[in-house]
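Engineer: First the structure, then my questions, so here it is.
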Amino acid sequence: MDARPLLNRRLDGLGTTIFAEMSALATATGAINLGQGFPDTDGPEAVREAAVRALREGRGNQYPPGPGVPELRAAISEHQRRFYELTVDPDTEVLVTAGATEAIAAAMLALLEPGDEVIAFEPFYDSYAACVAMAGATRVPLTLRAPSFRPDLDELRSKITPRTRLLLLNTPHNPTGTVLTRDELGAIAALAVEHDLLVVTDEVYEHLTFDGTAHVPIAAFPGMRERTVSISSAGKTFSFTGWKVGWVTASAPLVTAVRTAKQYLTYVSAGPFQYAVAEALRLPDSFFDGLRADLRSKRDLLADGLTAAGFEVYLPQGTYFVTTDVAPFGEKDAYAFCRALPERCGVVAVPNSVFYDDPEAGRSQVRFTFCKRKGVLEEATTRLKRLAV
Ligand SMILES: *Cc1c(COP(=O)(O)O)cnc(C)c1O
């Protein structure tokens, strides 16, 4: 159905998300869906049981408090101290949201004026472009280029103008798997301080890093506390993407600003799940280590299979995703490749090209997720080997 005549100009060009399109294709064709990044195994049983208990005991079945239930805000504060030695006041510096998605939307709607510029890495997570557009602001891409996908910090400096209001970061980065280093973050933080910019940082993959790569929050750098909105979520860390429990941590004025927008989006959400996520955040280190080890072995399984099938593979340092290039197959258009892939070999993937403004930069890049059971990944890589013949 064509909604274009009805859509306002801010949303022009924002059609159905690629994830919905490709997941629908997977359903229609019965292909293995390595497109959308959701696990095919639920998170810890104890956390599920905590949600059931909250529901049965009547905790969170009615509107929870606007900032989130106190138990969860306390657990988020403890989590920031435990993993990053960051101190956040659970009463004034934490806001629970309907997933990271709402946190991003509320931050953009609260902090941007029409005409402001937002610098973000491309390829973008797809909601960034939409939220910046809905706020009437302009996105300014900083392209992460293969094979390293590191940000060019001189280029970043050159993109800052008097209209730049905000840097929108994502580390670990979806889809490339880049994890910003301490040096890169220090340089970005120094630019933010020098130019008095706000930083909104999407860290939903904070616990999903591999090979000893550490996630470092930019909020920990000098001068950043007062200008950083840090966003995370339970979805990816605990394998409950359907619960949509996310959160913001920031200085009290920034949290108040974001909450002002958030209260008119959903007001509150996910009451009983908030209690369960409070328990999840307090799981022992063995849970977080086990999650990383499991995903790392799945990353390697998929990356090896893709290499054997003939893809150029860019090994990620974090997240759920492997980015590949299909140029070795003589393919130039990732979108066309992904539309044909279910027919050709019964697998669904997502074209990274749709996450770039620069149509050349990611033209033949394709993203696969590895947050699936090993048997599923093995079957997918077996099927993908048909491309080689
Ligand atoms: C999955 C994802 C989100 C959305 O998180 P929710 O908590 O499900 O809303 C946000 N940012 C990135 C980069 C993601 O990959």
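The values are calculated or read from the model by the stated rules, or taken from the named source; none is laboratory data. This is a predicted model, so every value here is computed, not measured. All Cβ positions, even for glycine, are placed from backbone atoms using ideal geometry, and neighbour counts span all protein chains on display.
Engineer: Given the criteria closer than 24 Å to Pro70 by Cβ and within 16 Å of the ligand (Cβ to nearest atom), does Ala280 qualify?
Structural biologist: When the stated conditions are applied, Ala280 passes them.
Engineer: Looking only at the stretch 21-43, count how many residues are buried (at least 18 other Cβ atoms within 10 Å of the Cβ) and more than 19 Å from Pro175 (Cβ to Cβ).
Structural biologist: Residues that pass the stated criteria total 2.
Engineer: Could you check the stretch 54-72 and list, in sequence order, the residues that are free of Cβ contacts under 8 Å to residues at least 12 places away in the same chain and of a type in the set (D, E, K, R)?
Structural biologist: Passing the criteria: Arg56, Glu57.
Engineer: Considering (1) without any contact (Cβ under 8 Å) to a residue 40 or more places away in the chain; (2) farther than 30 Å from Arg227 by Cα; (3) among the basic types (Lys, Arg); (4) not in a loop (DSSP other than H, G, I, E, B), say which one Arg48 fails and leave the rest.
Structural biologist: Here Arg48 clears every test but (1).
Engineer: Let me ask something else about it. Restricting to the stretch 168-185, name every residue that is more than 13 Å from the ligand (Cβ to nearest atom) and either within 21 Å of Cys131 (Cα to Cα) or part of a loop (DSSP other than H, G, I, E, B) (or both).
Structural biologist: Listed by number, the residues that qualify are Leu180, Thr181.
Engineer: So which residues in the stretch 85-116 are in contact (Cβ under 8 Å) with a residue 40 or more places away in the chain and surrounded by fewer than 19 Cβ atoms within 10 Å (Cβ to Cβ)?
Structural biologist: Answer for the stretch 85-116, where residues must be in contact (Cβ under 8 Å) with a residue 40 or more places away in the chain and surrounded by fewer than 19 Cβ atoms within 10 Å (Cβ to Cβ): Glu85, Leu86, Asp89, Thr92, Ala110, Glu113, Gly115, Asp116.
Engineer: Continuing with the same structure: Just to verify a result, which residue in the stretch 71-128, among those that are among the β-branched types (Val, Ile, Thr) and not in a helix (DSSP H, G or I), is nearest to the ligand (Cβ to nearest atom)?
Structural biologist: Looking at the filtered set, the residue picked out is Thr97.
Engineer: Continuing with the same structure: Which one of the conditions (1) touching a Phe, Trp or Tyr at 6+ places or on another chain (Cβ under 6 Å); (2) surrounded by fewer than 20 Cβ atoms within 10 Å (Cβ to Cβ); (3) part of a helix (DSSP H, G or I) does Ala280 fail to meet, given that it meets all the rest?
Structural biologist: For Ala280, the exception is condition (2).
Engineer: Looking only at the stretch 236-291, how many residues end up being farther than 17 Å from Ala98 by Cα and of a type in the set (Ser, Thr, Tyr)?
Structural biologist: Total meeting the criteria: 2.
Engineer: Please find, within the stretch 234-256, the residue that is nearest to the ligand (Cβ to nearest atom) out of those that are outside any loop (DSSP other than H, G, I, E, B) and closer than 16 Å to Asp42 by Cβ.
Structural biologist: Top of the filtered list is Gly235.
Engineer: Looking at this structure, is Val204 away from the ligand (no atom under 15 Å from the Cβ), within 30 Å of Pro44 (Cα to Cα), assigned to a loop (DSSP other than H, G, I, E, B) and of a type in the set (Val, Ile, Thr)?
Structural biologist: no
Engineer: Also: Testing Phe149 on (1) within 26 Å of Pro359 (Cβ to Cβ); (2) away from the ligand (no atom under 16 Å from the Cβ), one condition comes back false. Which one is that?
Structural biologist: (2)
Engineer: Which residue out of Glu312, Glu378, Glu360, Glu343 is more than 22 Å from the chain's Cα centre (by Cα) and closer than 22 Å to Ala120 by Cα?
Structural biologist: The unique qualifying residue is Glu360.
Engineer: Might you let me know whether the stretch 146-168 holds any residue that is at pLDDT 95 or above, of a type outside the set (Lys, Arg) and closer than 21 Å to Gly99 by Cβ?
Structural biologist: yes
Engineer: Output the residues belonging to the stretch 129-141 that are within 16 Å of the ligand (Cβ to nearest atom) and either out of contact with any Leu (no Cβ under 6 Å at 6 or more places or on another chain) or assigned to a strand (DSSP E or B) (or both).
Structural biologist: Within the stretch 129-141, Ala129, Cys131, Val132, Met134, Arg139, Pro141 qualify.
Engineer: Looking at (1) on the phi > 0 side of the Ramachandran plot; (2) crowded, with 17+ Cβ neighbours inside 10 Å, which is the one condition that is false for Gly305?
Structural biologist: The number of the failed condition is (1).
Engineer: Which condition from (1) at pLDDT below 95; (2) over 17 Å from Asn174 (Cβ atoms) is the one that Ala129 breaks?
Structural biologist: Condition not satisfied by Ala129: (2).
Engineer: From Tyr275, Tyr205, Tyr264, grab the single residue that is free of Cβ contacts under 8 Å to residues at least 60 places away in the same chain and of a type outside the set (Gly, Ala, Ser).
Structural biologist: After applying the criteria, what remains is Tyr264.
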